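The values are calculated or read from the model by the stated rules, or taken from the named source; none is laboratory data. Computed from a predicted structure; not experimentally measured. Cβ placement follows ideal geometry from the backbone for every residue including glycine, while neighbour counts extend to all protein chains displayed. When the accessible area is computed, the model is the full protein with side chains, heavy atoms only, and any ligands, DNA or RNA have been set aside. Shrake-Rupley method; radii C 1.70, N 1.55, O 1.52, S 1.80 Å.
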Amino acid sequence: MTQDDKMVGVVLTGHGGPEKLEWRSDLPKPQPGPWDVIVRVRAAAVNNTDINTRIAWYSKSDRKDDDATWSGKPLDFPRIQGADVCGEIVAVGREISPERIGERVLIEPCLREADGKEQKMPWYFGSETDGGFAQFTRVASRHAIRINSDLTDVELASFPCSYSTAENMLTRARVEKGDTVLVTGASGGVGTAAVQLAKARGADVIAITSPSKSDALHELGAATTLGREDDVVLKLGANSVDVVIDLVAGPKWPALLNVLRPGGRYAVAGAIGGAMVELDVRTLYLKDLSLYGCTVLEPEVFENLVGRIERNEIKPLVAETYALEDIGEAQASFGRKGHIGKIVLQVP
């Protein structure tokens, strides 16, 4: 392998702490399959999925290496993580028009096509297949979405994972103009995205966050903010909101169903407050509630998101930037939760 066939990047060598992230300067450059494109990565953001995958948080078995991915399969090591990517196409497979070379793109992180095959259960970019924590990455052409924007690479890299997750939750829950939407974990990447995207749909947004971040959430479009320790039923009243967008779960979860109006919709894509909750089934069926677990993106979600970015309906929130080789420091900062928005890595 010549020097031109190599690239720098970070590989995950196993489940565990930050010591499992290894900087390498001799990684082989990916080569495109017939329906693939090669993207020169310019920036890639940090998110919960990268860390949860590293520590095997998704596993439900005693053997953490048995089912530690979103698809419930073992993770192959070494693995290049990184789900949030902005870059440009530098090479294409034989079935893809060479006119795509030079396009600036965002990569859709939920992959319905990977390794030249349609996936029955979609793969996740940077989990079941290599992602963006390296100079180059390979992805099916259909998942590299062209974007026309004046935003920087770092700013654009803040969008793919968090904002598509939020847009998917709002799509599933059928959020529309006039709805009252309660967002938990509202100061995180997905939470801030959900606040903006719900506001862009014409909804009235109530955000749950820490008091120190309340002003920032108002600026993003929240009409009301609540503290994390507040009793939402006492503050808002029972049967007072149309939709709950939940990223927290945990012991306060029953109250989220109590504040939903009859016929209300609940969507969840995270459990940072605790994965086990208590459900009174009578609340569920007597109020005719709909509950949506949201992982796989609906087919229209990512292109709809790119359209909103191009129309400047939402704005990027970049809290901090780091060099790719400082990924351990970046993830440590992410874990302290002192920021609002995204932490982004610049790729050399």
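Observations, loosely collected:
- Here P316 meets each of (1) under 21 Å from R172 (Cβ atoms); (2) in contact with a Phe, Trp or Tyr (Cβ under 9 Å, 6 or more places away or on another chain); (3) not β-branched (V, I, T) with one exception, condition (1).
- The condition (being of a type in the set (A, V, I, L, M, F, W, C) and in contact with a helix residue (DSSP H, G or I) (Cβ under 7 Å, 6 or more places away or on another chain)) is satisfied by just one residue among I343, I309, I327: I343.
- Condition broken by G221, with the remaining ones in (1) open to solvent by less than 30 Å² (accessible area, probe 1.4 Å); (2) touching a Ser or Thr at 6+ places or on another chain (Cβ under 9 Å) satisfied: (2)
- Residue check: R138 meets all listed conditions (1) among the charged types (D, E, K, R); (2) open to solvent by 30 Å² or more (accessible area, probe 1.4 Å); (3) in contact with a strand residue (DSSP E or B) (Cβ under 7 Å, 6 or more places away or on another chain); (4) more than 20 Å from T49 (Cα to Cα) but one, namely (4).
- Looking only at the range 51-68, and only at residues there that are in contact with a helix residue (DSSP H, G or I) (Cβ under 7 Å, 6 or more places away or on another chain) and surrounded by fewer than 20 Cβ atoms within 10 Å (Cβ to Cβ), the one that is modelled with the lowest pLDDT: Y58
- One residue stands out among those in the range 265-294 that are of a type in the set (G, A, S) and open to solvent by 30 Å² or more (accessible area, probe 1.4 Å): the one that is farthest from L182 (Cα to Cα), which is A275.
- Subset of the range 120-135 (residues that are surrounded by 17 or more Cβ atoms within 10 Å (Cβ to Cβ) and either farther than 25 Å from I343 by Cβ or among the polar types (S, T, N, Q) (or both)): P122, S127, T129, Q135
- T137 vs. criteria touching a Leu at 6+ places or on another chain (Cβ under 9 Å), in contact (Cβ under 8 Å) with a residue 12 or more places away in the chain and under 20 Å from V46 (Cβ atoms): no
- Annotation: E103 fulfils all but one of (1) open to solvent by less than 10 Å² (accessible area, probe 1.4 Å); (2) more than 19 Å from the chain's Cα centre (by Cα); (3) charged (D, E, K, R); the unmet one is (1).
- Residue that is farthest from R308 (Cα to Cα) [pool: residues in the range 197-218 that are open to solvent by 50 Å² or more (accessible area, probe 1.4 Å) and touching a Gly at 6+ places or on another chain (Cβ under 7 Å)]: P211
- Residue match in the range 34-50 (condition: open to solvent by 30 Å² or more (accessible area, probe 1.4 Å), over 22 Å from S164 (Cβ atoms) and at pLDDT below 85): no
- Which numbered condition G293 fails, given (1) under 30 Å from V85 (Cβ atoms); (2) touching a residue at least 40 places away in the same chain (Cβ under 8 Å); (3) not hydrophobic (A, V, I, L, M, F, W, C): (2)
- Strands (runs of 3 or more DSSP E) wholly inside the range 244-331 containing at least 3 residues that are over 19 Å from A194 (Cα atoms): 260-268, 318-323
- Consider the range 302-338 and keep the residues that are open to solvent by less than 50 Å² (accessible area, probe 1.4 Å) and free of Cβ contacts under 8 Å to residues at least 40 places away in the same chain. The one that is farthest from G273 (Cα to Cα) is G307.
- Entry remark, the range 234-248: residues being out of contact with any strand residue (DSSP E or B) (no Cβ under 6 Å at 6 or more places or on another chain) and crowded, with 16+ Cβ neighbours inside 10 Å number 4 in total.
- Of the residues making up the range 98-125, those that are in contact (Cβ under 8 Å) with a residue 60 or more places away in the chain, part of a loop (DSSP other than H, G, I, E, B) and over 25 Å from A269 (Cα atoms) number 2.
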